[in-house]
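S.K.: What follows is a structure written as structure tokens; I'll ask about it next.
Throughout, read-outs are computed from the coordinates displayed, never taken from laboratory work. Note that the structure is a prediction, hence the values are computed from the model and not measured. No Cβ is skipped: glycine too gets one built from the backbone with ideal geometry, and neighbour counts run over all protein chains shown.
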Amino acid sequence: MAGTRASRLTFVFVSTLAILALMMIGIDPQVQHSVDEIMSEPEKHSSDSVFVRGIVVNETIDFSTMTFTLGGSESTIGVDFANTAVPDGFDSGRTVAVRGHLTQSSWGWTISATEIQTGCPSKYES
């Protein structure tokens with residue numbers, strides 16, 4: 001036989017660990033920030049991709065300009081969602097997470113969204 005049972009199990013174990021290590025190295029976790037965290041120092045995040053969680057401010061969704069306002073407890077930020085799909089459950093007053101690039105425009109700081117995520121509506125309904 002080519003090897004003992006113990007050597008084959010060792011090989012499988014080491015191979016599995018190596019694959020897991022390669023997967024973990026390849027993952028670039030992105031920290032999710034609140035609107036208030038981003039707006040406390042927007043210049044610090046302006047050249048990066050950001051991942052921001054906040055509440056869609058009531059009556060700010062405008063499908064003609066593809067924009068809405070994302071609110072925190074003290075600050076707000078504009079979101080341009082022209083380049084991303086709108087998920088199910090996207091509505092005013094909902095908590096959403098927006099991934100995109102933070103830029104400064106003539107009317108303030110804006111996230112050019114590349115992804116919008118909503119939570120499961122059943123989690124928030126009582």
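S.K.: Of the residues that make up region 72-90, is at least one surrounded by fewer than 16 Cβ atoms within 10 Å (Cβ to Cβ), within 14 Å of the chain's Cα centre (by Cα) and not hydrophobic (A, V, I, L, M, F, W, C)?
M.R.: Looking through region 72-90, at least one residue is surrounded by fewer than 16 Cβ atoms within 10 Å (Cβ to Cβ), within 14 Å of the chain's Cα centre (by Cα) and not hydrophobic (A, V, I, L, M, F, W, C).
S.K.: OK, next. Yes or no: region 35-51 includes at least one residue that is of a type in the set (Phe, Trp, Tyr) and more than 21 Å from HIS101 (Cβ to Cβ). Walk me through how you get there before you give the answer.
M.R.: At the first step, the residues of region 35-51 found to be of a type in the set (Phe, Trp, Tyr) are 51.
Filter once more, keeping what is more than 21 Å from HIS101 (Cβ to Cβ): none.
No, because not a single residue in region 35-51 is of a type in the set (Phe, Trp, Tyr) and more than 21 Å from HIS101 (Cβ to Cβ).
S.K.: I would also like to ask the following. From GLU59, GLU37, grab the single residue that is under 21 Å from THR118 (Cα atoms) and crowded, with 16+ Cβ neighbours inside 10 Å.
M.R.: Values: GLU59 fails: crowded, with 16+ Cβ neighbours inside 10 Å.
Result: GLU37 is the single residue among GLU59, GLU37 that is under 21 Å from THR118 (Cα atoms) and crowded, with 16+ Cβ neighbours inside 10 Å.
S.K.: Output the residue which, of all residues in region 62-86 that are of a type in the set (Ser, Thr, Tyr) and in contact with an Asp or Glu (Cβ under 7 Å, 6 or more places away or on another chain), is farthest from ALA113 (Cα to Cα). Give the derivation first.
M.R.: Pass one, region 62-86, residues of a type in the set (Ser, Thr, Tyr): 64-65, 67, 69, 73, 75-76, 84.
Still in the running and in contact with an Asp or Glu (Cβ under 7 Å, 6 or more places away or on another chain): 67, 73, 75, 84.
Values: THR67: 10, SER73: 21, SER75: 18, THR84: 6 Å.
Applying the filter and picking the extreme gives SER73.
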